[in-house]
Amino acid sequence: MVSFMRIAIDDTDSPEGMCTTYLGAVLRRRLEAAGCRIHDRLLVRLNPNVKWKTRGNAAICIEAEGIAPEKAFVIACDAIDEFADLGAENTHPGLVVASTPLPPDFYEKAVKGFCTIEEAEGVLREHRALYRGWKLGRGLIGATAAASADFPDWTYELLTYRDPAERDERQVDRESLFTAEAETFPHTWDTVDEANDCIVCFPHTPDPVLFGIRGESPEWVCRARSYVISEEPVMEETYRTNQGTDAHLIEAASLADVEDGLSYRVAGTVATTPATGQGGHVTFELEEGAVRVDCMAYEPTKGFRDVVRSLAPGDTVLVTGSYKNGSINMEKIRVITCPPVVTTRPPICPECGRRMKSDGKGKGWKCRRCRTHTNTPETVTTKRTITPGWYEVPPSARRHLARPLCRDLDPGSR
């Protein structure tokens, strides 16, 4: 039987090599060679807080038709057997071939929360999907999520690959990457981190990715790619993806609702003066009613920490980020109000011009020389260095799923 289907894979890589997107690119070509017509290629990022993730917690889904699902299943099994890093202790691939639509709520749960292998298998059996797990089969969760994915918002990533056996330093011209960013931003983003003078678009792990370009459309990522000078890739692939969409964020009704391991968009009032701790991280307490939660800006967020240091008690803010171990690891912050900081100090004596001293708790101030007295302190208004608006971590510290602010600068049309 020939039918429309979704073929999804997950958990085929390891910290030592391989990349699920590379395997997806190989699989797409093998399916086409077998007579498949490819309709879409999805790169699906899932909950970034899952402890079992290999690196970026990404699964791949290929929409296709033209051959029987059983044949596609065999082709995909062969590709996983050949390319997945099955020798790695924590690599447990999963494969799904679904000929009927899977419920999108499974994807929603996987990108915002946590799913089990048993839940995935229940969905697959109910919808009579073909599936297989290797070793512990943990990749069935991501494969099921990818096969059920329905993006309300999406971006694109063009990925170039080198030979998976290659372990030498990647040969990509640094200046050409900065040129690509300059010529195509804000339609593409996160190729480089200009503020910190570093490259963002290729990994520092021994996997097949040579470099990747993220952007709002296939045309824009291809245009940026045209500026890049590098060694000759063995293969290129463009995926539609939920990267850069904030798909992982949950709207929290209140601070009391946040749960460990989930990511939120939550509002509150700055309750404490931001403090710099050991290692350079900056923290403050966010308050709503009687509930307080620590908000953290870690050292890799670089200049974003200066924004956080500029906050003051009483400022109202909206923060986004993951709640882990009792604190929110901030990805973005919106300053809603930041009024001038008003403080008081002992007044100046009108007779001698010296600063007066306290006359006792609740008794005002007195000049020790002139014996003058007042109950009115001097007020000092400090102009703020921060203004209302959105602020974000730099590209080098940005998570795959976090929506960059540049997407709102020139939304245009897709």
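The values are calculated or read from the model by the stated rules, or taken from the named source; none is laboratory data. Just so it is clear, the structure is predicted and the values come from calculations on it, not from any experiment. Methodologically, a virtual Cβ is constructed for each residue, glycine included, from the backbone with ideal geometry; neighbour enumeration extends over all protein chains shown.
Residue by residue, here is whether (1) β-branched (Val, Ile, Thr); (2) under 30 Å from Val258 (Cα atoms); (3) not assigned by TED's automatic domain parsing to the domain that holds Ala297 holds:
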residue: Ile333; (1), (2), (3): yes, yes, no
residue: Gly364; (1), (2), (3): no, no, yes
residue: Arg368; (1), (2), (3): no, no, yes
residue: Thr372; (1), (2), (3): yes, no, yes
**Report entry** Residue under evaluation Arg292, criteria (1) at negative phi; (2) surrounded by 17 or more Cβ atoms within 10 Å (Cβ to Cβ), criterion not met
**Finding:** (2)
Query raised in the report: Being touching a residue at least 60 places away in the same chain (Cβ under 8 Å) and touching a Pro at 6+ places or on another chain (Cβ under 9 Å), is that true of even one residue in segment 59-79?
Result: no
Query - Filtered residues of segment 46-70 (kept if within 20 Å of Leu249 (Cβ to Cβ), outside any loop (DSSP other than H, G, I, E, B) and touching a Gly at 6+ places or on another chain (Cβ under 7 Å)) - result: Ala59
Report summary line: Picked from segment 278-299 (must be in a strand (DSSP E or B) and of a type in the set (Asp, Glu)), the residue nearest to Arg398 (Cα to Cα) is Asp294
Report summary line: Residues in segment 291-309 that are closer than 23 Å to Ala253 by Cα and in contact with a Gly (Cβ under 9 Å, 6 or more places away or on another chain) total 6
Requested in this report: Run down Gly303, Gly321, Gly314 and say which single residue is surrounded by fewer than 21 Cβ atoms within 10 Å (Cβ to Cβ) and either at positive phi or without any contact (Cβ under 8 Å) to a residue 24 or more places away in the chain (or both).
Outcome: Gly314
Report summary line: Conditions (1) closer than 16 Å to Ala8 by Cα; (2) touching a residue at least 60 places away in the same chain (Cβ under 8 Å) -> Lys112 fails only (1)
Query raised in the report: Ala146 passes all but one of (1) outside any loop (DSSP other than H, G, I, E, B); (2) in contact with a His (Cβ under 6 Å, 6 or more places away or on another chain); which number fails?
Result: (2)
Query - Number of positions in segment 337-354 that are surrounded by 13 or more Cβ atoms within 10 Å (Cβ to Cβ) and under 54 Å from the mean Cα position of the chain (by Cα) - result: 5
Query raised in the report: When you go through Glu219, Glu237, Glu175, Glu181 one by one, which is the residue that is surrounded by 18 or more Cβ atoms within 10 Å (Cβ to Cβ), among the acidic types (Asp, Glu), outside any loop (DSSP other than H, G, I, E, B) and without any contact (Cβ under 8 Å) to a residue 60 or more places away in the chain?
Result: Glu181
**Report entry** Hey, Ile213 in contact with a strand residue (DSSP E or B) (Cβ under 6 Å, 6 or more places away or on another chain) and more than 28 Å from Asp40 (Cα to Cα) or not
**Finding:** no
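Would you mind stating whether Arg265 is crowded, with 22+ Cβ neighbours inside 10 Å, charged (D, E, K, R), in contact with a strand residue (DSSP E or B) (Cβ under 6 Å, 6 or more places away or on another chain) and not assigned by TED's automatic domain parsing to the domain that holds Arg29?
No, not satisfied.
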Query raised in the report: Restricting segment 123-176 to residues that are in contact with a Pro (Cβ under 6 Å, 6 or more places away or on another chain) and among the polar types (S, T, N, Q), which is farthest from Phe211 (Cα to Cα)?
Result: Ser148
Query raised in the report: Out of all the residues in segment 223-234, is one or more in contact with a strand residue (DSSP E or B) (Cβ under 7 Å, 6 or more places away or on another chain), of a type in the set (Phe, Trp, Tyr) and modelled with pLDDT of 95 or more?
Result: no
Requested in this report: Residue by residue through segment 71-120, note down the ones that are within 15 Å of Tyr22 (Cα to Cα), of a type in the set (Gly, Ala, Ser) and assigned to a loop (DSSP other than H, G, I, E, B).
Outcome: Ala84
Query raised in the report: On the given criteria, is Thr12 closer than 28 Å to Ala165 by Cβ, in contact with a Phe, Trp or Tyr (Cβ under 8 Å, 6 or more places away or on another chain) and either assigned by TED's automatic domain parsing to the domain that holds Pro208 or in a helix (DSSP H, G or I) (or both)?
Result: no
**Report entry** Hey, Asp150 of a type in the set (Asp, Glu), closer than 30 Å to Ser99 by Cβ and more than 16 Å from the chain's Cα centre (by Cα) or not
**Finding:** yes
Requested in this report: Hand me the list of strands (runs of 3 or more DSSP E) wholly inside segment 319-414 holding 1 or more residues that are more than 21 Å from Leu249 (Cα to Cα).
Outcome: 327-337, 341-345, 378-382
Report task. Taking the residues in segment 2-16 that are farther than 11 Å from Arg55 by Cβ and surrounded by fewer than 21 Cβ atoms within 10 Å (Cβ to Cβ) as candidates, determine which candidate is farthest from the chain's Cα centre (by Cα). Result -> Val2
Query raised in the report: Can we say Leu124 is over 26 Å from Glu216 (Cβ atoms), among the hydrophobic types (A, V, I, L, M, F, W, C) and buried (at least 19 other Cβ atoms within 10 Å of the Cβ)?
Result: yes
